[in-house]
């Protein structure tokens, strides 16, 4: 298994592996997203208290979960990049940051669109919302740092440090609804209690599981594509890249 | 769907679709641009100076 892992860490092997895997991941993700969204919009019953506006859950919860997951993934890649100087780990941080930023912004905006009818306000300086906004700034910081240096490896090290230090914000986002009084509801399924004893009816839960898995597969598909681009750029002098480019 | 909430729900799904499309298109456009720039003859000199980014 380790031989396979080490072979995958080599840029040309990874590039070919990603080329084969990404289209299938994307296809499966789009099917799951289409099915989950249809079921969430038209099949799941309306909530007894919030009515139809609760249907925002089918996009808001998966993208919010992904915004945290991607940052944790970046911090793991950052530790690998700083300790072992693995090029692919450096590329992983640069490739994940724009996707993470887009999902974090989407989580904030869909949360605002849910908050207005549910709370009567688009935005409140609540612990959960504020910590999620800080997460967006951390993503933007990583993107900015990556573009601030002419040397890709220096940029990667700066990004890795920010990704590593910023991960302290992830538990703050997740546990903010337990640690402080909050307008935001607690975890529905993304907690141990939530998994053991879901606070959501099965009729409403299964479309959420479809969109949740669809969004995660979608992330991996587009992350692989961005990773390929980073590898292509950093390995541009290598013979295997020259052979890929039609002259 | 209750029309009172339709604008919030459909806006959320519309924005999500836009973000998904952006995430699919951006790497493809970047790949095409990278391949085009790397294929240019002068890119050899640019590469040497590290200016391709």
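Some observations on this one:
- Peptide A:179-187 shows a mean partner chain C-beta count of 0 within 10 Å per residue C-beta.
- Cα point-scatterer Debye curve for segment A:30-139, base-10 log of I(q)/I(0) at q = 0.19 Å⁻¹: -0.99
- Separation of alpha-carbon centers, segment A:97-111 and segment A:45-65, rounded to whole Å: 17 Å
- Residue by residue along A:221-232, Cβ atoms of other protein chains within 10 Å of the local Cβ number 4 on average.
- Helix A:202-234 vs. chain A, principal-axis angle (Cα, 0 to 90°, nearest 10): 20 degrees
- Note on residue A:8/residue A:30: beta-carbon distance plugged into 1/(1 + (r/R0)^6) with R0 of 22 Å gives a FRET efficiency of 0.30.
- Between the helical axis of A:11-38 and the longest alpha-carbon principal axis of chain A there is an angle of about 20 degrees.
- Tensor-based shape of segment A:117-222 (alpha-carbon gyration tensor, a/c under 1.5 rounded, otherwise prolate or oblate): prolate
- Degrees between helix A:169-179 axis and first principal axis of chain A (Cα, 0 to 90, nearest 10): 10 degrees
- Fraction of alpha-carbon pairs over 29 Å apart in chain A - percent: 36 percent
- Over segment A:96-247, Cα pairs under 8 Å with separation of 6+ residues give a relative contact order of 20 percent.
- Spacing of the two label points (7 Å from each Cα toward its C-beta) at residue A:147 and residue B:32, in nm: 2.1 nm
- Computed FRET value (nearest 0.05) for residue A:134 with residue B:25, which takes r as the C-beta separation and R₀ as 35 Å: 0.80
Readers should treat all values here as calculations from the given coordinates under stated rules, not as data from a laboratory. Not measured: the values here are computed from a predicted model. Cβ coordinates were reconstructed from backbone atoms using ideal geometry, including for glycine residues, and neighbour counts include every protein chain displayed.
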